[in-house]
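The values are calculated or read from the model by the stated rules, or taken from the named source; none is laboratory data. Keep in mind that what you see is a predicted model, and the values were worked out from it rather than measured. Cβ placement follows ideal geometry from the backbone for every residue including glycine, while neighbour counts extend to all protein chains displayed. All accessible areas refer to the heavy atoms of the entire protein, side chains included, with ligands and DNA or RNA removed. Shrake-Rupley method; radii C 1.70, N 1.55, O 1.52, S 1.80 Å.
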2 protein chains.
Amino acid sequence: MASNILLVDQELLFKLEFLRLLSTRENATLGEIAGELGVDESTVLDLYNKIRQNYMISISREMITWHYGDNPARIKPWGWSYTYRILAGSTMVVAKHLNPWSIVVTEYQLRSYGRHGKQWISNLGGLWTTFKIEVDPNTTYLLAMAIPVVIARFLREKHNLNVGIKWPNDIVYKSKKLAGFLIEVEALLNRIIAYIGIGINVNNEPPLETATSLKNELGKLIPRNSLIGYIAGYISKIDEITRSPGKIHAEYMDLLETLGRRVKAELISGGVVTGLARTITESGELVVESETGSFKLRSAEVLELRYID
Amino acid sequence: MASNILLVDQELLFKLEFLRLLSTRENATLGEIAGELGVDESTVLDLYNKIRQNYMISISREMITWHYGDNPARIKPWGWSYTYRILAGSTMVVAKHLNPWSIVVTEYQLRSYGRHGKQWISNLGGLWTTFKIEVDPNTTYLLAMAIPVVIARFLREKHNLNVGIKWPNDIVYKSKKLAGFLIEVEALLNRIIAYIGIGINVNNEPPLETATSLKNELGKLIPRNSLIGYIAGYISKIDEITRSPGKIHAEYMDLLETLGRRVKAELISGGVVTGLARTITESGELVVESETGSFKLRSAEVLELRYID
């Protein structure tokens, strides 16, 4: 654990308790919540007004309800072991302790991380999840293309958002980050266990200037459970899907907004590659044409990719 | 709710989750806790080492146990409705929503308050509790003397700590505050409902320079459940006890370290009374002899009492 002290607003503790309470009930009165939290009803109302900025909760006759479609405690994706936590260090680490074909969803991650351990901010209202699956060793590499494709497709089809993919696996809208992915694999004898970490800025406040959220772009709150269900349904069929690698590659290329642009890639090694993003190899590498020649960049080698045109 | 932002170390959220988890189990392995919290085992160990500064938890063969006598979830005081919360705004407010003869215990209060709404810091390891009872209207005034007496007696008899009472109702040891009380009453038809808020610095870090804790004074952690049980047993008999007001008054006077000292009382009204603390009336008022005459001070009138000798 980092020894530096990370501070949060104390009110976050109330918000998490509020969600914890609502997640387990059909609804609760202001008085019930006040009694559980140990605050007066006006404070409950104040918390309600803040929480509803990021959650589909409503009040009617002093009764507060969390919309079924947005309360992750309400679903049980078929064929999956499903774990919902109000709070977690990281869903990736929770998943390490579970069997394959598990889904972990949390409201708040205290130690979330992105590719190469980069900070990933998971604030209230987003979708922070890890899918732990067992995959065919020969097609594992396809996950990094398949996952952004399915999310992008969902957002385009269900929400009419003209999103694109920024290599290797960010979902962007108008150049702002909407979602990110992190895929970790573990070889276990002849099996491959994959951890698919997905972070989507759904109803949370965009955590950075360079990010946006579905709420911001669509001007309304989006029920997260349909998103969880859609991704779970897709990943359930991953074995079948990865039998058509050419199709995944083509779909990925279609959605990729990186090609044809001038990019600057900072490598893990400390080096930098600058040039034109030309194409994506079948295994997902980015081919960059620089003045000194052509480079094939693997996602694992690249710390940060920036557009410079 | 105050609009100012109160910040806490994010690690507090992990500590509370850790306690929440342990409170419900006989014990848990490092791996189980790691999986629940979503952090690696070294982080669990790091948290364990921090938490055991303030809680009676131990580790043996990677199995962490919260000592039965210190885990408030483990007790059920006879004849009481008992509510244990990891986190609460204030136990006083939780109790408002419960029936008389309820006990509320929490590990952390986000909005705790003392007499006259003064801040009361409730950090990890202390005993923060409210007893809600029904009392005889004629003897309600005796609670303010009876409660400090019973706590002082417990600390003297069970822990050989030569504590005293500072008027109106602080328990002090070597001039440092060990415990404080807050009594609120509610008239309900011909019944009086009393909320007895008790805060004891047991195994927590003393929150202020002017405070100390049992841990600090005794050099070891003290199991809190015996304290809860002792107070509950005493308050159960409050009707019987208050039949001897003279005895309570005498015991209170015996333990009071305020008499014979020069004091400065800041009044709610804005006024100040300075003089010699002479005696306590039968109803608990402090009699102060000043140069301009003799004053009877009621606890409710006094914001702060300071010794000036």
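Can you check what the net charge comes to around residue B:98, using other residues whose Cβ is under 13 Å from the Cβ of residue B:98 (Lys, Arg +1; Asp, Glu -1)? Net charge in that neighbourhood comes out at -1.
Over all other residues within a Cβ to Cβ distance under 15 Å of residue A:173, the charged ones net out to +3, with Lys and Arg as +1 and Asp and Glu as -1. Calculate I(q)/I(0) for segment A:72-255 by the Debye formula, one identical point scatterer on each C-alpha and no solvent, and give its log10 at q = 0.11, 0.17, 0.18 Å⁻¹ to two decimals. Values, matching the q order: -0.43, -1.10, -1.26. For segment A:80-178, the Kirkwood radius over C-alpha pairs fed into Stokes-Einstein at 20 °C and 1.002 mPa s yields D = 145 µm² per second. Net charge of the neighbourhood of residue A:230, taken over other residues with C-beta under 13 Å away and scored Lys/Arg +1, Asp/Glu -1, is +4. Seen against the Cα atoms of chain A and their longest principal axis, helix A:41-51 is set at about 20 degrees. Under a 5 Å amide H cut-off, with hydrogens placed 1.01 Å from N, residue B:304 pairs with B:266 among residues at least 5 apart or on other chains. Here the simple spin-label model places points 7 Å from the Cα toward Cβ, and for residue B:159 and residue B:136 these points are separated by 3.2 nm.
A point 7 Å from Cα along Cα→Cβ stands in for residue B:6, and the other copies hold the same point at 2.2 nm, listed in rising order.
Computed over the Cα atoms of segment B:191-279, pair by distinct pair, the Kirkwood hydrodynamic radius stands at 16.8 angstrom.
Rounded to the nearest 100, the interface formed by chains B and A buries 3100 square angstrom of accessible surface, both chains summed, with a 1.4 Å probe.
When +1 charges are put on Lys and Arg Cβ atoms and -1 charges on Asp and Glu Cβ atoms, the dipole computed for the protein assembly as shown relative to its Cα centre reaches about 260 debye.
Helix A:224-236 and the long axis of chain A differ in direction by around 40°, with both axes built from C-alpha atoms. Axis angle, to the nearest 10 degrees, between helix A:143-159 and the longest C-alpha principal axis of chain A: 50 degrees. With helices as the sole contributors, chain B gives -8500 deg cm²/dmol at 222 nm; each DSSP H run of n ≥ 4 counts as -39500 (n - 2.57), and the sum is divided by every residue.
At a probe radius of 1.4 angstrom, the accessible area of the protein assembly as shown per residue rounds to 43 square angstrom.
Rolling a 1.4 Å probe over the protein heavy atoms of segment B:262-307, with every protein chain left in place, gives an accessible area that is 47 percent carbon and sulfur. When only the Cβ of Lys, Arg, Asp and Glu is charged (+1, +1, -1, -1), the dipole of chain A relative to its Cα centre reaches about 440 debye. Here the label points at residue A:50 and residue A:282, each 7 Å from Cα along the C-beta direction, are separated by 5.5 nm in the simple model. Taking every alpha-carbon pair under 8 Å whose residues sit at least 6 apart, chain A reaches a relative contact order of 13 percent.
The ratio of the alpha-carbon radius of gyration of chain A to the globular-protein estimate 2.2 N^0.38 Å is 1.05.
At the residue level, residue B:40 shows approximately 80 square angstrom of accessible surface with a 1.4 angstrom probe and all protein chains present.
Taking the chain by itself as reference, segment B:80-125 contains these residues with an accessible-area loss of 40 Å² or more in the full protein complex (1.4 Å probe, heavy atoms): B:85, B:87, B:93, B:97, B:110. For segment A:52-103, the Kirkwood hydrodynamic radius comes to 13.1 Å, computed from all pairs of different C-alpha atoms. Rg over Rh for segment B:232-309 works out to 1.05, using Cα positions for both radii and the Kirkwood form for Rh. Sorted from nearest, the other copies put their residue A:260 label points 9.4 nm away, the label point being 7 Å from Cα in the direction of Cβ. Measuring from the axis that maps chain B onto chain A, the chain B residue with the nearest beta carbon and its rounded distance in angstrom come out as B:7, 2.
Note on segment A:11-66: with charges restricted to the Cβ of Lys and Arg (+1) and Asp and Glu (-1), its dipole about the Cα centre is near 260 debye.
Here residue B:74 yields copy-to-copy label distances, from shortest upward, of 4.0 nm, the label point defined as 7 Å from Cα along Cα to C-beta. Of the three principal axes defined by the Cα atoms of the protein assembly as shown, the extents in descending order read 96, 53, 45 Å. Positive-end ranking of B:252, B:129, B:72 along the dipole of the protein assembly as shown, with charges on Cβ about the Cα centre, is headed by B:72. Segment A:123-181 and segment B:259-286 have their alpha-carbon centroids 69 Å apart.
Extension gain for the segment residue B:289 to residue B:191, taken as residue separation times 0.36 nm less the Cα-Cα distance, is 31.6 nm to one decimal.
Ordered from highest to lowest accessible area with the whole protein assembly present and a 1.4 Å probe, A:158, B:166 read as A:158, B:166.
Taking the inverse of the mean reciprocal distance over all distinct Cα pairs, the Kirkwood hydrodynamic radius of segment A:11-66 comes to 10.8 Å. Placing a label point 7 Å from the Cα of residue A:42 along the Cα-to-Cβ line, the residues of segment B:1-40 whose backbone N sits under 19 Å from it are B:1-6.
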